[in-house]
């Protein structure tokens, strides 16, 4: 008889798989794409894991991976509680909440749209803070102040660097890829455009 994983075991397997991919992609960037599964995990995990804690799986995977990066980050003087860390934590929380909101009446269109919107919002928030920090610190090269500088930060970026819009493209493609992978594991029917055959894992209502 086939034994299904419990919700806790499933969550741990998903978290460990995403952590392993993130670590391996940082160690072998020439062989593994520099894309992250964490947004997809936070979004999809909240749909299929228990409501009380399913929205936390993305946060847990992010924290575990950052703890594993401490030796490297410490050597280069990185601040583990930087503004980028706080933005990331906030958006993984938002992704979990969005996953919860559509979990009861989910469809493939809603899942794909939600993934693209989350990727775009994450990109805009990150670039907005980068632009603001650049302007306030008078960095060189510098972004212009005002709307023109903000728009430049979110489209072409600074001269001499890779255009920032490429990060948006890679973020959207990466998130959609991992959404598809997680749905392939959790809900193949929904992935292939049929009605979901697997409801979200919810604890029984006490009598």
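Things worth noting here:
- Between helix 7-27 and the chain there is an angle of about 30 degrees, using the helix long axis and the longest principal axis of the Cα atoms.
- Helix axis angle, 57-68 relative to the chain longest principal axis, alpha carbon, degrees: 50 degrees
- The calculated FRET efficiency for the pair residue 148 and residue 24, based on their C-beta separation and a Förster distance of 30 Å, comes to about 0.15.
- In the chain, helical runs assigned H by DSSP with n ≥ 4 each contribute -39500 (n - 2.57); averaged across all residues and rounded to the nearest 500, the mean residue ellipticity at 222 nm is -21500 deg cm²/dmol.
- Degrees between helix 108-137 axis and first principal axis of the chain (Cα, 0 to 90, nearest 10): 30 degrees
The numbers here are math on the coordinates, done by the rules we state, and not lab data. For clarity, every value in this text was computed on a predicted model and none was experimentally measured. Quick reminder, even Gly has a Cβ in these numbers, built from the backbone with ideal geometry, and neighbours come from all protein chains shown.
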